[in-house]
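Engineer: Structure incoming, see below.
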Amino acid sequence: MVKRTILLVLMLLLAIPLTLMAAQVSSVADRNQLAAGESLRLELRVLGSPDKDPDLSVLDSEWEILSRSQSSQMSFVNGDFSRSVVYSLTLMPRRNGELEIPSICFGVDCSDSLQIQVSNDAATAQEGATLLLLEAEAEPQQVPAGAQVLLTVRVLHRVDLAQASLGEPQPEGVATEVQKVGEDRSFNIHREGYLYQAIERRYALFPQAAGTLRIPGLQLDAQIGSGTAQFDPFGRSLKPVRRHSEPIDIRVELARDEHDWLPAKSVSLQDNWQGKVMHMTVGEPATRTLTLSATGLPAARLPALPLTVPEDFKRYPDQPDRSDQPGEDGITGTLQQKLALVATRPGDYRLPAIDIDWWDTAQQHWQKAHIPEVELTVAPAPGSAATELPQTPLQPSVTANTFTPPAATTRPEAPPAPTTPEGTIAEDLWLWLSLALAVGWLATLTFFWRKRRCADATATNDEQATLLESEKRARKALLQTARSNNPRATRQALLSWSQTLWPEHKGNGLEQLAVRCGEPLASELTSLNQALYSASSEAWQGSSLMAAVLEWHHRQVPPTSQHLPPLYPESRRQS
């Protein structure tokens, strides 16, 4: 049984792919150029479990190993076991010239080779001055007033830094706005043959007037370990150091004043309605969003967009949304403007084109950001009365042909029959009988007509009572909703109330309700629309709307009325 278990384990181990068991080996040198008599530090970084110890004999021909150390780390995370080892070597070159650190193998796992330049120049041996560097550069060197100057500051170090602090730029000579661009960035960089760890920080400067903008040298205060870059875990000594960057002068020219001054590297103007034929409905809002972006300008410097609309539209603009985004080209300011439009009449309309002139700082000439005009087609509100058309004159009635009796023939007329007393009595009897039948027929018609009229009057009164009761319930629900200060629910309650007042005009919005009711209710409906379609509006309060609804109701139905009146006849006439 034991032999079978061992055999099974061996088979499972053999089934594991060799690529999964291989270790990853890399080599990193602290510099790729050094002077004769200098040493360098080489790290062999191993991730995983190598087959064997490193074979360092390949270094003996051109390198002398002065010291070596080893550190390892093991971790067990979520059931995964990992191990890493770092071999640190201090190497001294045996000769000058182009040397190679060959590939070092841990059994079958090998590192990459490195090329090292060894020089006999004594100037490169001044290592202490090159352990920490501070650089500053600005571009462009000549700008118009208001344009962006991008200042880049880099701290380069080959030793660990402690308590480092970098001063902020303090421009002189010209009033200048300073804005930090993004977060600090860290990376590795070679400078004069040395490998440095770099910390980069960028600023966007916006000079406000013509003149010479001077950026004094920035100051860096830090503490570094004395001696070499080797890490001493047992209390290495630190020494304070200070570095200054070179001052920079920028020439600032006068701003052009032919147009609104927008100096930028690029500008874009976008419209979510661009290239579309927009379809709208009377009383229903539609939101248009315009976005203006400028690379090289902060959002606070972007102008408000012209938002012209036809007279048959009501507009509810939001407060412009401004934001700045960092990028490779500095600051990109963005202004987003939203506008809610509500059409009051159906028809075809056009929103005018929008043009923004700006100065291209890269090409040094004027450019134009353009949005073409927008076509709008506004349909009537659902259920609204159709537009009245001119009535076609009625055609004249066809005149009835007059009957012309045929001409008399030559045939002699028969002599009239002689009248007798019996014939006269028969004629009188038929006359009275016909008269009696006619009177009875008229009486029957009168009876049915009066009965139907009474039924219609009763039905009309019942219908009026039902409509009044529906209006009363809808008005009560409207007042309760307005008391809760909820604009959207109040709008729906207003539409329901309007349908009880004018059932033949279903689907009309608040705009038509305002036209029918007049002031002061119309003003309160406008305030409600602003609360609905403008995000910058203050919290809406429904008390004023409640008062306006009650005032209109009492004006339409006087309290002294004792009989049942028609359902708001004046309102129907106004509509």
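Engineer: I'd like to check something: does segment 68-77 contain any residue that is of a type in the set (D, E, K, R), in a loop (DSSP other than H, G, I, E, B) and not assigned by TED's automatic domain parsing to the domain that holds Tyr194?
Structural biologist: No, that holds for no residue.
Engineer: Another one. Looking at Lys506 and the list (1) within 26 Å of Phe313 (Cβ to Cβ); (2) basic (Lys, Arg); (3) at pLDDT 75 or above, which single condition is not satisfied?
Structural biologist: Exception for Lys506: condition (3).
Engineer: Moving to a separate point now. If I filter segment 327-342 down to residues being of a type in the set (A, V, I, L, M, F, W, C) and out of contact with any helix residue (DSSP H, G or I) (no Cβ under 8 Å at 6 or more places or on another chain), which single residue comes out as farthest from Met280 (Cα to Cα)?
Structural biologist: This residue is Ile331.
Engineer: Those residues that are at pLDDT 90 or above and within 19 Å of Ala286 (Cα to Cα), I need them from segment 370-386; list them, please.
Structural biologist: Hits for segment 370-386 are Ile371, Pro372, Glu373, Val374, Glu375, Leu376, Thr377, Val378, Ala379, Pro380.
Engineer: Going by what's in this entry, would Arg555 be described as assigned to a helix (DSSP H, G or I), over 33 Å from the mean Cα position of the chain (by Cα), farther than 23 Å from Glu284 by Cβ and at pLDDT below 75?
Structural biologist: Against the criterion (assigned to a helix (DSSP H, G or I), over 33 Å from the mean Cα position of the chain (by Cα), farther than 23 Å from Glu284 by Cβ and at pLDDT below 75), Arg555 does not qualify.
Engineer: Pairs, please: C-beta under 9 Å, at least 6 apart or cross-chain, first residue under 30 Å from Leu528 (Cα atoms) and in segment 457-480, second modelled with pLDDT of 85 or more and loosely packed, with under 12 Cβ neighbours inside 10 Å?
Structural biologist: none
Engineer: Restricting to segment 259-291, name every residue that is of a type in the set (S, T, N, Q) and more than 22 Å from the chain's Cα centre (by Cα).
Structural biologist: Selection gives Thr281 alone.
Engineer: Residues that are within 36 Å of the chain's Cα centre (by Cα), surrounded by 17 or more Cβ atoms within 10 Å (Cβ to Cβ) and not polar (S, T, N, Q): find the strands (runs of 3 or more DSSP E) completely inside segment 126-199 holding 3 or more of those.
Structural biologist: It comes to 149-157.
Engineer: Return a yes/no flag: does segment 521-544 have any residue that is hydrophobic (A, V, I, L, M, F, W, C), modelled with pLDDT under 80, in a helix (DSSP H, G or I) and more than 29 Å from the chain's Cα centre (by Cα).
Structural biologist: No: zero hits.
Engineer: Kindly indicate whether Pro326 is under 17 Å from the mean Cα position of the chain (by Cα) and in contact (Cβ under 8 Å) with a residue 12 or more places away in the chain.
Structural biologist: no
Engineer: Quick one: which strands (runs of 3 or more DSSP E) sit completely within segment 337-380 and have at least 3 residues that are over 18 Å from Leu297 (Cβ atoms)?
Structural biologist: It comes to 347-351, 374-379.
Engineer: Which residue pairs have Cβ atoms under 6 Å apart, sit 6 or more places apart or on different chains, and have a first residue in segment 342-361 that is farther than 30 Å from Pro144 by Cα and a second that is buried (at least 20 other Cβ atoms within 10 Å of the Cβ) and among the charged types (D, E, K, R)?
Structural biologist: Thr344/Glu511
Engineer: Right, next: Look at segment 283-298 and say how many of its residues are of a type in the set (S, T, N, Q) and buried (at least 18 other Cβ atoms within 10 Å of the Cβ).
Structural biologist: Selection size over segment 283-298: 2.
The values are calculated or read from the model by the stated rules, or taken from the named source; none is laboratory data. These figures come from a predicted structure and were not determined experimentally. Here Cβ is always computed from backbone atoms with ideal geometry, including for glycine, and neighbour counts include all displayed protein chains.
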